[in-house]
Amino acid sequence: MVRDSRTVIFSDVHLGTTICNRVAFRQFVSWLASDPPDRLVIAGDLLDFWRRSNAQVLVENREDLAQLFGIDCEIDYVIGNHDYAIWDIADRNGKDVLWPGDFRIVRDLRFSCGSHSYYVTHGYDLDVAVTMEGLPLKNYEAFAAAMCRADDTLGGLASLLWDAVSISGSGISWIRQMVAAKPRGDDEYRAS
């Protein structure tokens, strides 16, 4: 009996944060290793570098990541906004510095499985287009890259600021309106 091709796609584990459920992630990786799919697609934010040192996050999760990337299947790592630096780390040092195994790091992914075609993106690009009106994607990606290098304290502060600015998706529009507004003259503030 021939098994149909099987692809597993997951995202947003955020290893490195206190809200990450590492126990459930370990169970998931063990399950994958026990019955490997043909293709594994990590759709971004496997790691969270925004609030922690990249090196510290990688070292703390070394064993779990080695097991994940050691699974005998095709692996594609679609970068997310919180692990955007993985692209640069792999580019500077080589992917084998990160984890064993053969895997690709990509911005987005198109693939076919059987008679179906799929497109995978982390989604931050869609979020920028829909909720951050007027903000060029390259500017957001520069922000994401900077956040990945911000470490603990600065990363936490910048994250809070970004959350405040982008509340309900209207923060960017509000800032643009404030900047574009006609400055008030001093006479508006003088007592009559």
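The values are calculated or read from the model by the stated rules, or taken from the named source; none is laboratory data. None of these values were measured; they are calculated from a predicted model. Don't worry about glycine lacking a Cβ; one is built from the backbone with ideal geometry, like all the others, and counts go over all protein chains shown.
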Check your understanding: If Ala43 passes every condition in (1) hydrophobic (A, V, I, L, M, F, W, C); (2) surrounded by fewer than 22 Cβ atoms within 10 Å (Cβ to Cβ); (3) over 15 Å from Tyr124 (Cα atoms); (4) under 13 Å from the mean Cα position of the chain (by Cα) but one, which one does it miss?
Key -> (3)
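I'm checking my understanding of the structure. Among residues of region 47-60 that are closer than 15 Å to Tyr124 by Cβ and touching a residue at least 40 places away in the same chain (Cβ under 8 Å), which one is surrounded by the most Cβ atoms within 10 Å (Cβ to Cβ)? Spell out how you get there, then give the answer.
Narrowing region 47-60 to residues closer than 15 Å to Tyr124 by Cβ: 47-50.
Narrowing further to those that are touching a residue at least 40 places away in the same chain (Cβ under 8 Å): 49-50.
Numbers: Phe49: 30, Trp50: 27.
Per the criteria, the residue is Phe49.
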Practice item. Read through the list (1) modelled with pLDDT of 90 or more; (2) within 28 Å of Gly114 (Cα to Cα); (3) among the polar types (S, T, N, Q), then give the number of the only condition that Asn81 fails. Key: (2)
**Study point:** Scan of region 114-139 for residues that are surrounded by 10 or more Cβ atoms within 10 Å (Cβ to Cβ) and under 30 Å from Arg6 (Cβ atoms), ordered by number
**Key:** Tyr118, Val120, Thr121, His122, Gly123, Tyr124, Asp125, Leu126, Asp127
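Conditions tested, residue by residue: (1) modelled with pLDDT of 90 or more; (2) over 13 Å from Ile42 (Cβ atoms).
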{"site": "Tyr77", "(1), (2)": "yes, no"}
{"site": "Ile86", "(1), (2)": "no, no"}
{"site": "Ile89", "(1), (2)": "no, yes"}
{"site": "Asn93", "(1), (2)": "no, yes"}
{"site": "Asp96", "(1), (2)": "no, yes"}
{"site": "Phe103", "(1), (2)": "no, no"}
{"site": "Val106", "(1), (2)": "yes, no"}
{"site": "Ser115", "(1), (2)": "no, yes"}
{"site": "Tyr119", "(1), (2)": "yes, yes"}
Practice item. Would you be able to tell me the number of residues in region 18-40 that are part of a helix (DSSP H, G or I), closer than 30 Å to Ser117 by Cα and over 17 Å from the mean Cα position of the chain (by Cα)? Key: 10
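Just to be sure before I move on: is Arg26 farther than 23 Å from Asp125 by Cβ, at pLDDT below 90 and among the charged types (D, E, K, R) in the structure I sent?
On the way: farther than 23 Å from Asp125 by Cβ: yes; at pLDDT below 90: no; among the charged types (D, E, K, R): yes.
For Arg26, the condition - farther than 23 Å from Asp125 by Cβ, at pLDDT below 90 and among the charged types (D, E, K, R) - is not met.
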